[in-house]
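Notes for the one structure printed next.
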There are 2 protein chains.
Amino acid sequence: MYRIAVDVMSGEKEASELITGALRALKEEKEIELTLIGEYDIISEELAKTDFDSKRLKIENSDEIITMDESPIKALRKKKKATVNVGAKLLKKSKIDAFISPGNTGSVMAAGLLRVGRIKGVSRPPIAIQFPAVNGSTLVLDNGANTDCSPENLKQFALMGQLYAENVMKIDNPKIALLNIGEEKTKGNNLTKESYEVLSNDQRIKNFIGNVEGRDIFSNKVDVVVTDGFVGNIVLKTTEGAASFFLDLIKESFKTNLRSKIAAFLIKPYLKKVLNKIDYRQYGGAPLLGINGVVIISHGGSDGTAIYNAIKAAKRTVKEDIVKLIKAELEKNEELE
Amino acid sequence: MYRIAVDVMSGEKEASELITGALRALKEEKEIELTLIGEYDIISEELAKTDFDSKRLKIENSDEIITMDESPIKALRKKKKATVNVGAKLLKKSKIDAFISPGNTGSVMAAGLLRVGRIKGVSRPPIAIQFPAVNGSTLVLDNGANTDCSPENLKQFALMGQLYAENVMKIDNPKIALLNIGEEKTKGNNLTKESYEVLSNDQRIKNFIGNVEGRDIFSNKVDVVVTDGFVGNIVLKTTEGAASFFLDLIKESFKTNLRSKIAAFLIKPYLKKVLNKIDYRQYGGAPLLGINGVVIISHGGSDGTAIYNAIKAAKRTVKEDIVKLIKAELEKNEELE
């Protein structure tokens, strides 16, 4: 059994929506046990409305949440019973195998780091996010956990990203690259120039293809893109902004007149497939890699579908035992150096 | 008269296409004099095919170009007669007021820096690019000239961006912001945290609105976004990549079946307007600000339309005398410190 806990209270959407998504996953995935973390009364009232396999579902009471605008570490210390504290502690005590939260990203990260702890040999756990790409998706890490990084940090991101791509995303011999502003190895800022050497020289990175540019993330040229958390987060927000700006322009153009409205009606079902492809909810949240347990940060705006997919991603991550794989690779790393 | 020179040889497109765009600008803009830089025979053969106001057009022979994959500074030193060397020297000698080139970006930049020279008080000239946004466009700088920057560099970018937005883009009281990964002043990496203070404390930056995120570039929340050249270039390429990926998906969806093909036929003219809005060719190239003359770097793939718009942008930039304005602001800066 894969034991997965979901914080259903600290996202932007109602707990009821998130619970619906969780129950859908419970129904489909017979090998999981779910723990819903949040206010007991709210959750049990919601559960009373529907049928589900009660042997595989528990509630873990938590009557506090850390809000989106709170300072993560302070709030984590003050609110001992906050959902993220409860989830991280269950993980630490091995009562669960994975913890999913759509709450304040900094607080989930801090709970992972401080309550669950890092794997030995991992200096800075990165947030890994799958971006949509021509033939599937591209894993980009770090997306915001570590703003100032060293080449050694980036090398560790590459090693963890490689393991995640091979084992969870099931990509054969994943192509690993450094995000840069040109392909030549002499291009870039001080960090990327130094990192290029470090990544090239580590034999454990099996398929290092060198530098890629921002546009290559969406192509099939690369599977894992390594960058510092500042740049990764800028890339994430820029992509969201560009996609939503572009989509708004297209929606506006459909409203022009009768002719365009007919076109809109005709194209709607096909356009929906396009939107699905670029919808973050399909990718089920972002793992915080290098933590001594599976911690998945879901988008703050996660709804039932996003939580459903996050649970499925969590199951795959637990099943492939990514924590053990990272331990084996990175602990060895530390001994060598 | 505004004297503008165009390098018609070192872009990716044929000289004939670029010349057509240049002649269109010459016809519309009665106050400009054009100098076409490139192989005399090729240009004159092209000109022979058409009618134009020959009193306002000159050819400046140059039979070498710096290719896209050459090392800019080396090539600049070796190829004395390369188009960018010829253009930069004309600018240096005040034979022209502005120089436009769609060639190797590094070589145009280096020619500006080494042959024309920086304005006193400007440490690092940035490349300023207009991104499409909800109500017009947002100026982002630097887009790749300076990969590692100091807070002082970013402050200078803000001052130059402000002058360009006020005078060339004609924005009243432009909103200036720092590109960051969160709005709070405590967010970001070492550079942005320090820069926040420096930008807040400079009274000459009249409307500093603090930090913005990647997605805000496409909104009407901000007019000038300041960032280091590494991050700016990543933002540029990511935006290009996301837009083209999204567009390809939509084009694919139109091909699904007869229904979708009819929709495509109906929506085409309206979609074209959308594409125009996000087309770099509308923005006429990117000025290298802080150089002692107007240098405009056009996209390598520039065609006639892009060159036509670049000439119009060059004229506006010369007319508003942005060089003089930057001198007045930044030289003063140096005396104060």
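The values are calculated or read from the model by the stated rules, or taken from the named source; none is laboratory data. In this text, all values refer to a predicted model and were calculated from it rather than measured experimentally. Cβ: placed from backbone, ideal geometry, glycine included. Neighbour counts: every protein chain shown.
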Check your understanding: Any residue at all in the range B:154-165 that is charged (D, E, K, R) and away from chain A (no Cβ under 13 Å)?
Key -> yes
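State yes or no: is A:ILE171 away from every other protein chain (no Cβ under 14 Å), surrounded by fewer than 20 Cβ atoms within 10 Å (Cβ to Cβ), over 16 Å from the mean Cα position of the chain (by Cα) and farther than 26 Å from A:GLY284 by Cβ?
Details: away from every other protein chain (no Cβ under 14 Å): yes; surrounded by fewer than 20 Cβ atoms within 10 Å (Cβ to Cβ): yes; over 16 Å from the mean Cα position of the chain (by Cα): yes; farther than 26 Å from A:GLY284 by Cβ: no.
Judged against the criteria, A:ILE171 is not a match.
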Review point. Which one of A:LYS170, A:LYS206, A:LYS185, A:LYS221 is basic (Lys, Arg) and within 25 Å of A:ILE296 (Cβ to Cβ)?
Key: A:LYS170
Point to revise | Meets criteria (assigned to a helix (DSSP H, G or I), under 29 Å from B:LEU154 (Cβ atoms) and either touching a residue at least 40 places away in the same chain (Cβ under 8 Å) or polar (S, T, N, Q) (or both)) for B:ALA328 | key: no
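Quick check on the range B:1-20: of everything there that is part of a helix (DSSP H, G or I) and buried (at least 22 other Cβ atoms within 10 Å of the Cβ), which residue is farthest from the chain's Cα centre (by Cα)? Explain how you work it out, then say what you get.
Residues of the range B:1-20 that are part of a helix (DSSP H, G or I), as a first pass: B:15-20.
From the residues that got through so far, the ones that are buried (at least 22 other Cβ atoms within 10 Å of the Cβ) too are B:18-19.
Values: B:LEU18: 17, B:ILE19: 19 Å.
Checked the range B:1-20; the qualifying residue farthest from the chain's Cα centre (by Cα) is B:ILE19.
Here are some residues: B:LEU23, B:LEU36. Which one is closer than 29 Å to B:ASP321 by Cα and assigned to a helix (DSSP H, G or I)? Give the steps one after another, and end with the answer.
Working: B:LEU36 fails: assigned to a helix (DSSP H, G or I).
On inspection, the qualifying residue turns out to be B:LEU23.
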Exercise for review: Go through the residues of the range B:239-253 one by one and say whether even a single one is at the interface with chain A (Cβ under 10 Å from one of its Cβ atoms), in contact (Cβ under 8 Å) with a residue 60 or more places away in the chain and either surrounded by 15 or more Cβ atoms within 10 Å (Cβ to Cβ) or within 24 Å of the chain's Cα centre (by Cα) (or both).
Suggested key: yes
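Can you tell which of A:ALA145, A:ALA128, A:ALA158, A:ALA177 is small (Gly, Ala, Ser), part of a helix (DSSP H, G or I) and in contact (Cβ under 8 Å) with a residue 24 or more places away in the chain? Please lay out each step first, then the result.
Values: A:ALA145 fails: part of a helix (DSSP H, G or I); A:ALA128 fails: part of a helix (DSSP H, G or I); A:ALA177 fails: part of a helix (DSSP H, G or I).
Being small (Gly, Ala, Ser), part of a helix (DSSP H, G or I) and in contact (Cβ under 8 Å) with a residue 24 or more places away in the chain holds for just one of A:ALA145, A:ALA128, A:ALA158, A:ALA177, which is A:ALA158.
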Check your understanding: So which residues in the range A:63-97 are β-branched (Val, Ile, Thr) and part of a helix (DSSP H, G or I), if there are any at all?
Key -> A:ILE73, A:THR83, A:VAL84, A:VAL86
Practice item. Could you check, for the range B:67-85, whether at least one of its residues is modelled with pLDDT under 95 and touching a Gly at 6+ places or on another chain (Cβ under 6 Å)? Key: yes
Practice item. Answer yes or no: is there a residue in the range B:43-62 that is in a loop (DSSP other than H, G, I, E, B), without any contact (Cβ under 8 Å) to a residue 60 or more places away in the chain, closer than 13 Å to B:VAL8 by Cα and touching a helix residue (DSSP H, G or I) at 6+ places or on another chain (Cβ under 8 Å). Key: yes
**Study point:** Selection from the range A:213-228 of residues that are within 9 Å of chain B (Cβ to nearest Cβ) and either in a loop (DSSP other than H, G, I, E, B) or surrounded by fewer than 24 Cβ atoms within 10 Å (Cβ to Cβ) (or both)
**Key:** A:GLU213, A:ARG215, A:ASP216, A:SER219, A:THR227, A:ASP228
Point to revise | Of all residues in the range B:180-192 being in contact (Cβ under 8 Å) with a residue 24 or more places away in the chain and either charged (D, E, K, R) or closer than 15 Å to B:GLY232 by Cβ (or both), the one that is surrounded by the fewest Cβ atoms within 10 Å (Cβ to Cβ) | key: B:GLU184
Revision key, fill the gap. Residue hits (the range B:255-286; more than 14 Å from every other protein chain (Cβ to nearest Cβ) and out of contact with any helix residue (DSSP H, G or I) (no Cβ under 6 Å at 6 or more places or on another chain)) are B:TYR283, B:ALA286
Exercise for review: Report the residue count in the range A:256-306 for those that are small (Gly, Ala, Ser) and part of a helix (DSSP H, G or I).
Suggested key: 5
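Determine which member of the set A:GLU166, A:GLU184 is assigned to a helix (DSSP H, G or I) and among the acidic types (Asp, Glu). Before the answer, list the steps.
On the way: A:GLU184 fails: assigned to a helix (DSSP H, G or I).
Exactly one of A:GLU166, A:GLU184 is assigned to a helix (DSSP H, G or I) and among the acidic types (Asp, Glu), namely A:GLU166.
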Review point. Taking the stated definitions as given, is A:ASP142 at pLDDT 95 or above, acidic (Asp, Glu) and buried (at least 24 other Cβ atoms within 10 Å of the Cβ)?
Key: yes
Review point. Under the condition of being crowded, with 22+ Cβ neighbours inside 10 Å and touching a strand residue (DSSP E or B) at 6+ places or on another chain (Cβ under 7 Å), which residue from the range A:261-292 is nearest to A:LYS89 (Cα to Cα)?
Key: A:ILE291
Check your understanding: Which of the following residues is modelled with pLDDT of 95 or more and in contact with an Asp or Glu (Cβ under 8 Å, 6 or more places away or on another chain): A:ASP216, A:ASP228?
Key -> A:ASP228
Exercise for review: State which residue pairs qualify: first residue within 19 Å of A:TYR283 (Cα to Cα) and inside the range A:99-121, second residue of a type in the set (Lys, Arg) and not in a helix (DSSP H, G or I) in any location, beta carbons under 9 Å apart, and separation of 6 or more residues or different chains.
Suggested key: A:PRO102/A:LYS13
**Study point:** Lone unmet requirement of (1) surrounded by fewer than 20 Cβ atoms within 10 Å (Cβ to Cβ); (2) in contact with a Gly (Cβ under 9 Å, 6 or more places away or on another chain) for A:LYS49
**Key:** (2)
Check your understanding: Since B:LEU163 meets every condition but one in (1) at pLDDT 95 or above; (2) buried (at least 24 other Cβ atoms within 10 Å of the Cβ), which condition does it not meet?
Key -> (2)
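Name the residues in the range A:83-142 that are of a type in the set (Ser, Thr, Tyr) and farther than 26 Å from A:ILE19 by Cα, would you? Write out each step before concluding.
We begin by selecting, within the range A:83-142, every residue of a type in the set (Ser, Thr, Tyr); these are A:83, A:94, A:101, A:105, A:107, A:123, A:137-138.
Across the range A:83-142, the qualifying residues are A:SER123, A:SER137, A:THR138.
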Check your understanding: Limited to the range B:190-210, what total is found for residues that are at pLDDT 95 or above, polar (S, T, N, Q) and not in a helix (DSSP H, G or I)?
Key -> 1
**Study point:** Residues being in contact with a Lys or Arg (Cβ under 7 Å, 6 or more places away or on another chain) and closer than 15 Å to A:GLU166 by Cβ - total across the range A:199-223
**Key:** 3
Practice item. Specify which of the listed residues (A:LYS273, A:LYS327, A:LYS277, A:LYS261) is more than 19 Å from the chain's Cα centre (by Cα), at pLDDT below 90 and basic (Lys, Arg). Key: A:LYS273
Point to revise | Test set (1) hydroxyl-bearing (Ser, Thr, Tyr); (2) buried (at least 16 other Cβ atoms within 10 Å of the Cβ); (3) at the interface with another protein chain (Cβ under 9 Å from one of its Cβ atoms) - B:SER195 fails condition number | key: (3)
